[in-house]
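Following: one structure in structure tokens, then a few remarks.
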Amino acid sequence: MIKAQVKKIFAQEFGSSPRLFAAPGRINLIGEHTDYNNGFVLPASIDKRIYLAIAPNQTEGFNIVSTDFNERVSFTANHNTQSLPHWARYPFGVIKEMQKLGCTINGFNAVFGGDIPAGAGLSSSAALESAFAIALNELNALNLDKFTLAKIGQSAEHNYVGVRCGIMDQFASIFGKDEQVVLLDCQTLEHRHFPLHLNGHKLILTDTQVKHSLASSEYNKRRAECEEGVRIAATNEVGMKSLRDATIKQIEPYKAMMGEQVYMRCEYVIEENERVLATCKALSNDNLEAVGALMYQSHQGLQHKYQVSCAELDCLVDAAKSAQGVLGSRMMGGGFGGCTISLVKESAVDAFKKSLTDAFGQQFNRQPIFYSVTIGNGAGEVTE
Ligand code: GLA
């Protein structure tokens, strides 16, 4: 449907027949705010995607239409970022980052659109970066490997959007595999795909529809706080380069020097890394109860120690705790809004939705939105 729409608009706007690429959004089972601390994450790519129709135009210019924003922009690589609409900074950033690596990016016409809800914490921006990274790699015969493409997306976000994000979202969008979660070690970039046997359970996303305006500034602040914690502890702890190298025992003596807040951030990250590994073990043993318990603990940490939750997310997690047949629930992604992810018995899904709708309605006088996601393949060219 979206695929056909994107192709149709391409034909209307540009005429020639394009190549078609797709890149998915992601969920993250557990491991939040650990990626930029060189820790572990456990994401998966989902069946919601951005489709990109693209063809060379034999000029030096880039013409891009967003069907979702109903907007067309034209620019060259010398354009000033600030004058571009927000969405266009992602492809612009990808082009610039590729050029920084010495790649020649020829002019193109492109149309994109998708069904990943924006601002819901499902990484629609990483999907957009990944779609362009994969497509430009092919169109310009660059032969860049998949990790380089993921890093190009991440750098585009750092340098042209202003969010100092980790690698998780771009990685998941590019490396995702059908019905599998991926354990990524953000220090070594080693990764392992795990089949996700849900055995009669479903992963349900519940969207608060809160798009917090502070999200990117608070995100960068958390990252700086973690770096500050490491800087303080590393003065005596030889070899400590990130929180990945740290244990609670090692950072405890520096609590007073760090101050309560920085200490709590570091403590959360170290504990969350342990939870990711514990989740993998529980998955290997088909112990979904243990996975669910770890999800609840993750939320506790994000709410009280890392302080990136919000009243709407907390309300949904509390309501999940009191509902029947729910194994675990937590906020997902950067925080301050977006979705929770819950592990729910299939037979209890309807009752779960009703409990959350009631609790949310009582407190906020509106309804949350539910998405039942399945895990799909990572980014690539669409040939059918
Ligand atoms: C956002 C960032 C990711 C990651 C998560 C939190 O999605 O883009 O790199 O840090 O927040 O886990």
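The values are calculated or read from the model by the stated rules, or taken from the named source; none is laboratory data. Just so it is clear, the structure is predicted and the values come from calculations on it, not from any experiment. Cβ placement follows ideal geometry from the backbone for every residue including glycine, while neighbour counts extend to all protein chains displayed. In case anyone asks, the SASA skips ligands and DNA or RNA and just uses the protein heavy atoms, side chains included. Shrake-Rupley method; radii C 1.70, N 1.55, O 1.52, S 1.80 Å.
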**Request:** Using a Gaussian network model of the chain whose springs link C-alpha atoms within less than 10 Å, name the residue from 370, 132, 112 with the highest mean-square fluctuation.
**Result:** 370
**Message:** Students often get this wrong, so check it: of 3/353; 146/353; 249/354; 48/241; 48/354; 8/221, which have C-alpha atoms separated by over 32 Å?
**Reply:** 146/353; 249/354; 48/241; 8/221
**Fill in**
Toy charge model, Lys and Arg Cβ at +1, Asp and Glu Cβ at -1: the range 1-87 dipole around Cα centroid in debye, rounded to 20, equals 360
**Asked** Ranked highest first by average number of other Cβ atoms within 10 Å, how do 166-179, 219-232, 75-88 line up?
**Response** 166-179, 219-232, 75-88
**Message:** Below 11 angstrom from the Cβ of residue 351, what's the summed charge of the other residues (Lys, Arg +1; Asp, Glu -1)?
**Reply:** +1
**Prompt:** Where only protein heavy atoms count, and the probe is 1.4 Å, what is the accessible area per residue for the chain in Å²?
**Reply:** 41
**Message:** I need the calculated FRET efficiency for the pair residue 78 and residue 231, taking r as the beta carbon distance and R₀ as 45 Å, to the nearest 0.05.
**Reply:** 0.75
**Request:** Treating cross-link reach as a plain straight distance, find the aspartates and glutamates whose alpha-carbon is under 16 Å from the alpha-carbon of residue 151, omitting any fewer than eight places away in the same chain.
**Result:** 35, 97, 129, 169, 185, 190
**Prompt:** In units of 2.2 N^0.38 Å, what is the alpha-carbon radius of gyration of the chain?
**Reply:** 1.00
**Asked** Add -39500 (n - 2.57) for each DSSP H run of 4 or more in the chain, then divide by its residues: what number comes out at 222 nm, to the nearest 500 deg cm²/dmol?
**Response** -12500 deg cm²/dmol
**Request:** Can you figure out the FRET efficiency of residue 69 with residue 163, using R₀ = 22 Å and their beta-carbon distance, to the nearest 0.05?
**Result:** 0.70
**Asked** On the accessible surface of the range 26-120, probed at 1.4 Å, how many percent belong to carbon and sulfur atoms?
**Response** 43
**Asked** Using unit Cβ charges (K, R positive; D, E negative) and no other charged atoms, how large, in debye to the nearest 20, is the dipole of the range 330-377 about its Cα centre?
**Response** 80
**Item:** Farthest toward positive dipole pole in the chain [+1 Lys/Arg, -1 Asp/Glu at C-beta], among 290, 125, 224
**Value:** 125
**Request:** Could you give the DSSP H helices of the chain that reach 20 angstrom or more along their long axis (alpha carbon positions) and whose average Kyte-Doolittle hydropathy is no lower than 0.5?
**Result:** 124-139
**Message:** So if I place +1 on the C-beta of Lys and Arg and -1 on the C-beta of Asp and Glu, and nothing else carries charge, what would the dipole magnitude of the chain be about its Cα centre? I want it in debye, nearest 20.
**Reply:** 360
**Request:** For residue 369 and residue 177, calculate 0.36 nm times their separation in residues minus their Cα-Cα distance, and state this gained length in nm to one decimal.
**Result:** 66.5 nm
**Message:** Along the charge dipole of the range 17-94, pointing to its positive end and built from +1/-1 on Cβ of Lys, Arg, Asp and Glu, which listed residue (62, 90, 18) has its Cα farthest out?
**Reply:** 18
**Prompt:** How much of the accessible area of the range 141-268, probe 1.4 Å, is carbon plus sulfur, in whole percent?
**Reply:** 48
**Modelled FRET efficiency - R0 41 Å, residue 13 with residue 193, Cβ distances, 0.05 increments** = 0.60
